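Peer 1: Take this structure, written in C-alpha cells, and hold onto it; I'll ask about it next.
The values are calculated or read from the model by the stated rules, or taken from the named source; none is laboratory data. Fair warning: this is a prediction, and the values are worked out from it, not measured in the lab. Backbone-built Cβ (ideal geometry, glycine too); neighbour counts: all protein chains shown. Surface accessibility is based on the protein's heavy atoms, side chains included, excluding ligands, DNA and RNA. Shrake-Rupley method; radii C 1.70, N 1.55, O 1.52, S 1.80 Å.
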Amino acid sequence: MTEMIYESILISVDAEGHPHIAPFGVRERNGLVLIAPFRPSASLDNLLNQRAAVLNLTDDVRVFAGALTGRRTWSLRKADQVNGYVLDSALAHRELELLEVKDNATRPELYFRVVHEVNHAPFRGFNRAQAAVIELAVLVSRLHMLPLEKINAEIEYLKIAIEKTAGEREQEAWSWLIERVENHQAMIKGENQA
C-alpha cells in the first residue's frame, strides 16, 4: 500500500539562523514525520545541522509557487519550542525534532517526532485551483527530469481548474510557475539552437 504524501511548507534554519522556506511532500510512518530530501539540498543540510524544523500547513499556494520561483520572503514568527519559524499564513504548524537518519546517497530518510503542534485557523475546504497550483509546483520542481511534452500536456489539463475556480492568490501563484516553465523552455530551445 502506498503511503499518503502531504504537501506542506518546511522551514529549516541555516547555520547563521536564517529561515529557508521549501515545499515538501512529507509522509507519516510509525507515528513519526518522514522527510526525504534529494541530495544536494539546502533543506537537507539545515535539517542535519540543526536537527529541527517547522512543518507549516497553509492554503496560500503562493508560498509553494514562491519557493520555486525565488520568492521566499514571507511573514514569519519564531516557533514556540524549536529553533525555527512559523508562517504567519499557516493554518496549522508542527514543530519537529530529528530522531533518526537512514542515510542514502540520493535521498536520505529523516524521521522527526512532533514536539509541538498548533491549529491557527480553520481549513475552509478544497479548491481545484489550489490543487492545480500544487501539481504545477511539483512539475516545476522536476523540470530538469521531465520531458517538455509531458509538462505542457499537464499544464493544459491543470489550466482548466485555474480558469474555472482560481482566486487572486491562485492566479498569482500560477503566473509565477508558468513564467518559470516558459523560462526553462526558452533555455532548452536556446541550447538546442546553439
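Peer 1: For the chain, modelled as a Gaussian network with Cα springs under 10 Å, which listed residue fluctuates most, GLU100, GLU149, GLU170?
Peer 2: Result for the chain, Cα springs under 10 Å: GLU149 fluctuates most.
Peer 1: Report the Cα centroid-to-centroid distance between region 1-42 and region 150-164 in angstrom, as an integer.
Peer 2: 26
Peer 1: With a ≥ b ≥ c taken as the square roots of the eigenvalues of the C-alpha gyration tensor of region 22-175, please select rounded if a/c is under 1.5 and otherwise prolate if a/b is larger than b/c or oblate if it is not?
Peer 2: Numbers: a/c = 2.10, a/b = 1.34, b/c = 1.56.
Cα axes put region 22-175 in the oblate bin.
Peer 1: Turning to a different aspect of this structure: Please report the carbon-and-sulfur percent of the accessible area for the chain; probe 1.4 Å, protein heavy atoms only, DNA, RNA and ligands left out. Walk me through the numbers on the way to the answer.
Peer 2: Numbers: 5280 of 10770 Å².
After summing per-atom areas, the C and S share lands at 49 percent.
Peer 1: For region 104-156, what does the alpha-carbon gyration tensor say about shape, rounded, prolate or oblate, given a ≥ b ≥ c as the root eigenvalues, a/c under 1.5 as rounded, and a/b over b/c as prolate?
Peer 2: Working: a/c = 5.36, a/b = 1.25, b/c = 4.31.
Cα axes put region 104-156 in the oblate bin.
Peer 1: Taking trypsin sites (Lys or Arg not before Pro) as exposed when DSSP calls them loop (any state but H, G, I, E, B) and at most 11 other Cβ atoms lie within 10 Å, what is the longest stretch of the chain free of them, the sites themselves excluded? Could the numbers behind the result be given before it?
Peer 2: On the way: sites that count: ARG124, ARG142.
Counting at most 11 other Cβ atoms within 10 Å as exposed, the longest clean stretch of the chain is 1-123.
Peer 1: Heavy-atom accessible area per residue, region 1-43, 1.4 Å probe: how many Å²? All intermediate terms of the calculation are to be shown ahead of the outcome.
Peer 2: Values: 2320 Å² over 43 residues.
Each residue of region 1-43 exposes 54 Å² on average to a 1.4 Å probe.
Peer 1: Of the residues ASN83, ASN104, ASN46, which exhibits the maximal mean-square fluctuation in a Gaussian network model of the chain defined by a 10 Å Cα contact cut-off?
Peer 2: The residue with the greatest mean-square fluctuation here is ASN104.
Peer 1: By the gyration tensor of its Cα atoms, with a ≥ b ≥ c the square roots of the eigenvalues, what is the shape of region 1-96: rounded for a/c under 1.5, prolate for a/b over b/c, or oblate? List each step's numbers first, then the result.
Peer 2: Working: a/c = 1.31, a/b = 1.16, b/c = 1.13.
Judged from the Cα gyration tensor, region 1-96 comes out rounded (a/c under 1.5).
Peer 1: In whole Hz, with x marking every Gly and Pro, tabulate ³J(HN,Hα) for region 105-115 from phi via Karplus 6.51 cos²θ - 1.76 cosθ + 1.60, θ = phi - 60°.
Peer 2: So the J values, rounded to whole Hz, are 5, 9, 8, x, 9, 10, 10, 10, 9, 7, 9.
Peer 1: Of VAL181, VAL138, VAL118, which has the largest mean-square fluctuation in a 10 Å C-alpha GNM of the chain?
Peer 2: Judging by the Gaussian network model, the answer is VAL118.
Peer 1: Tell me the mean residue ellipticity at 222 nm calculated for the chain from its helices only (DSSP H runs of n ≥ 4, each -39500 (n - 2.57), averaged over every residue, nearest 500). List each step's numbers first, then the result.
Peer 2: Working: 5 runs with 75 residues, N = 194.
Value at 222 nm, helices only, nearest 500: -12500 deg cm²/dmol.
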